[in-house]
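Everything on this sheet refers to the single structure shown next.
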Amino acid sequence: MNPLPPPGTPGYTQALLADDPIWLTIVKVVVVFALLLVMTLFMIWLERRVVGRMQQRPGPNWNGPFGLLQSLADGLKLAFKEDIRPVLADKAVFFIAPVISTIPAFVAFAVIPLGPEVSIFGHHTALQVADLPVGILVVLACSSVGVYGIVLSGWASGSPYPLLGSLRSAAQVISYELALGLSIIAVVLYAGSLSTADIVSAQQNGWYIWLLPVSFIVFAISMVGETNRAPFDLPEAESELVGGFHTEYSSLKFALFFLAEYVNMVTLSAVATTLFLGGWMAPWPLSLIPGVNSGWLPVVWFISKMFVFLFVYIWLRGTLPRQRYDQFMRLGWKILIPVSLVWIVAVATLRVLRNQYGTISAPVVLMVGAVVLVVAIVVALMLPDRAADDDDAGSEPPVVGTYPVPPLDLTVPTSPPKRRRAVSRGPAPETAAVGSGQKEDA
Amino acid sequence: MTTTIGEAIGFWILGPVALAGGLGMVFSRNAVHSALWLVLTMLSLGVIYMLQAAPFLGFTQIIVYTGAIMMLFVFVLMMVGRDASDSVVEVLRGQRVAAAVLGIGLAGLMIGAVAQSVGVPLAAGAPSGSNVGGLGLLVFQRYLLAFELTSALIITGAVGAMVYTFAGRAKSKAITQKERVAERLRGPLEKFGSRSGPGVFATADSVATPALLPDGSVAPESLSAIIEATARERLGHATELSRPGDEHDTAAHSHHAERGEIQGSQT
């Protein structure tokens, strides 16, 4: 076995994990699997409670403390439901699609570093199942395989609405995976490595959310699109496509899709934490305390940062209306991707200038940025305002011709005394009973 | 260079799987099944690359080929229809013969290349540095010109596809939501407002027109107190006394005959 490189250098975690005995790896895999299952149950509960709170109703609060066991009960109920397969369904594909969509969601979590080096039963190891030299690509690969589950489920159902849902899903994931990949590139440029553990240790002196804000915003938007969550839940838009790709699914197969959606949310939140929020490192005021970034404590930081993203997912769902399909595509192709491309060019240029000449200091960068900003604002001010002349044209009231309209000076008379008496005399009027009451009156 | 045990085990598992995927693709009757078999082959190839210490290549294979290119194929196949199968009519003349000749030629070339490489020792090791770094150095320094030429070719192809897609299509201005609403309000009167639902007997949509009950009498609830023409006290009593439902019916029927319309809602 090769000697370990010094801690903190690239490839350290990889070498550390290579020494893991097989039982330790199995324990880690089981723990991560269980963690994701529990997170799914918890997230379903949390989502219902938070959305309930936003809609001023209690949400599930009956089973267990705070209703925590509600999702468990729902999961059990789902398992006992009848499993229906449509006659027109493609048997094999219909069966395998939920499996394809679930497995990659779990696999992707293997490369997420949950914490630094710890000692488990005397073995020094990192809190991570595997650290590949191309770790972050594993996440992209898993999401691109996982979407096959959605696409195939819609096709195999043999009915039109699921097919439409899966067509939307295919287009959506291809578009947003590009934006997702482009936003990762800037992080990789700065960290100098594709390995997730190295990316975390490269953020020792500052999280990438401050250094690369544009990448972070693009990543945050496209990760919502990638997980099919509101406001980008077009493949399962219930007001347009019944249930979308999983309309024909029931029982445990449907449960697998549900599981996959929530595990994907958790995984992508973990990836965002790893890439932009410093992974398991403690947030700023806490990070001043010595020893806070070692041992088992960082798992707490990691999970809490992850929950920030998960809460935002729920928040978005409770707040925003679903986007129209063409607006969604326009956002992806005409805004996110060009912005990411320009940003990558800028970041790469800065990197090269700093590495090659070393004279580019922070004030110079800020000056150049200020000049660019001023130029952009001036250009934006000089562009003709299209909306202005539109408003002029639309200011006249529309001509309605011979359509019967009430006169503009119509005064609405007060209710006739007869009706007022009827209302006050009768029992408390219900909305449905108003019509019949009037009929008696007349 | 020798193969490790893990590599050998991986190869003997994944090799047959990849082969089965290829055969399944050729012999599947359904186009989407064919595409799925091909996905299986591509995934196996990706994992084989990873086993041979080229993880970057392996994952790129999965992301690009499986995730993007095959997804586009599946997309198109699904658009075509789930039960669509190849027609057996030969559109291009002699294409089968040409395809057979070219296929055999390609197979011959590949067998020759593989046979030649069996006896020859392989190039010594991977490039120095990490997987990604080594590849980056080769692509962006040593073979920069070839790389740029290839990318120019690909971009030309992409632009060409765009031109063919949008050629001949009139450049229409995108209609915003605001403009659409304005157009709807200013448009022909039939589009304005809603019509009576099917099965409803009505000679007009206006609130000034009273609704009729099944026996032809005026429904008192439909009379508005604030519209003078249908003042409830006046019209309500009048209709109850004289039962003018038949008049309404005949008027409506003659009107339909005049306009020749199916909808019975406009007077």
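The values are calculated or read from the model by the stated rules, or taken from the named source; none is laboratory data. Remember, predicted model here, so these are calculated numbers, not experimental data. Glycine gets a Cβ as well: all are built from the backbone with ideal geometry, and neighbour counts include every protein chain shown.
Quick notes
- A search for C-beta distances below 6 Å between a residue of the stretch B:139-167 that is surrounded by 10 or more Cβ atoms within 10 Å (Cβ to Cβ) and any residue that is modelled with pLDDT of 90 or more and among the hydrophobic types (A, V, I, L, M, F, W, C), counting only pairs 6+ apart in sequence or on different chains, returns B:Val139/B:Phe147.
- B:Met79 vs. criteria closer than 23 Å to B:Val39 by Cα, modelled with pLDDT under 80, in the same structural domain as B:Leu43 (by TED's automatic domain parsing) and not hydroxyl-bearing (Ser, Thr, Tyr): yes
- Condition met for B:Gly108 (within 12 Å of chain A (Cβ to nearest Cβ) and without any contact (Cβ under 8 Å) to a residue 24 or more places away in the chain): no
- Only listed residue being outside any loop (DSSP other than H, G, I, E, B), more than 30 Å from A:Ile199 (Cα to Cα) and of a type in the set (Val, Ile, Thr), chosen from A:Ile100, A:Ile44: A:Ile44
- So A:Ser175, is it hydroxyl-bearing (Ser, Thr, Tyr), surrounded by 22 or more Cβ atoms within 10 Å (Cβ to Cβ) and touching a helix residue (DSSP H, G or I) at 6+ places or on another chain (Cβ under 7 Å): no
- Residue-level analysis places A:Val107 outside the set of residues that are assigned to a loop (DSSP other than H, G, I, E, B), more than 22 Å from A:Phe311 (Cα to Cα) and among the hydrophobic types (A, V, I, L, M, F, W, C).
- Residue in the stretch B:20-39 that is at pLDDT below 85 and surrounded by 19 or more Cβ atoms within 10 Å (Cβ to Cβ) present: yes
- Residue within the stretch A:275-294 that is closer than 28 Å to A:Val151 by Cβ and surrounded by 17 or more Cβ atoms within 10 Å (Cβ to Cβ) present: yes
- Residue in the stretch A:133-147 that is surrounded by fewer than 22 Cβ atoms within 10 Å (Cβ to Cβ), under 30 Å from A:Glu117 (Cβ atoms) and either at the interface with chain B (Cβ under 8 Å from one of its Cβ atoms) or in contact with an Asp or Glu (Cβ under 7 Å, 6 or more places away or on another chain) (or both) present: yes
- Entry remark, the stretch A:148-191: residues being more than 11 Å from chain B (Cβ to nearest Cβ) and of a type in the set (Ser, Thr, Tyr) number 5 in total.
- Some residue of the stretch A:247-257 being aliphatic (A, V, I, L, M) and free of Cβ contacts under 8 Å to residues at least 40 places away in the same chain: no
- For the stretch B:26-73, a residue qualifies if it is in contact (Cβ under 8 Å) with a residue 24 or more places away in the chain, facing chain A (nearest Cβ under 8 Å) and more than 21 Å from the chain's Cα centre (by Cα), and the qualifying residues are B:Pro55, B:Phe56.
- The helices (runs of 4 or more DSSP H) located wholly in the stretch A:287-373 that include 3 or more residues which are farther than 25 Å from A:Leu182 by Cβ occupy A:298-319.
- Residues of the stretch A:78-95 that turn out to be outside any helix (DSSP H, G or I) and within 14 Å of chain B (Cβ to nearest Cβ), as a count: 5
- Being within 23 Å of A:Gly318 (Cα to Cα) and hydrophobic (A, V, I, L, M, F, W, C) holds for only one residue in A:Leu234, A:Leu286, and it is A:Leu234.
- Restricting the stretch A:111-132 to residues that are part of a loop (DSSP other than H, G, I, E, B) and out of contact with any Ser or Thr (no Cβ under 9 Å at 6 or more places or on another chain), the residue that is surrounded by the fewest Cβ atoms within 10 Å (Cβ to Cβ): A:Gly122
- Qualifying residue in the stretch A:160-175 (condition: modelled with pLDDT under 85, of a type in the set (D, E, K, R) and part of a helix (DSSP H, G or I)): yes
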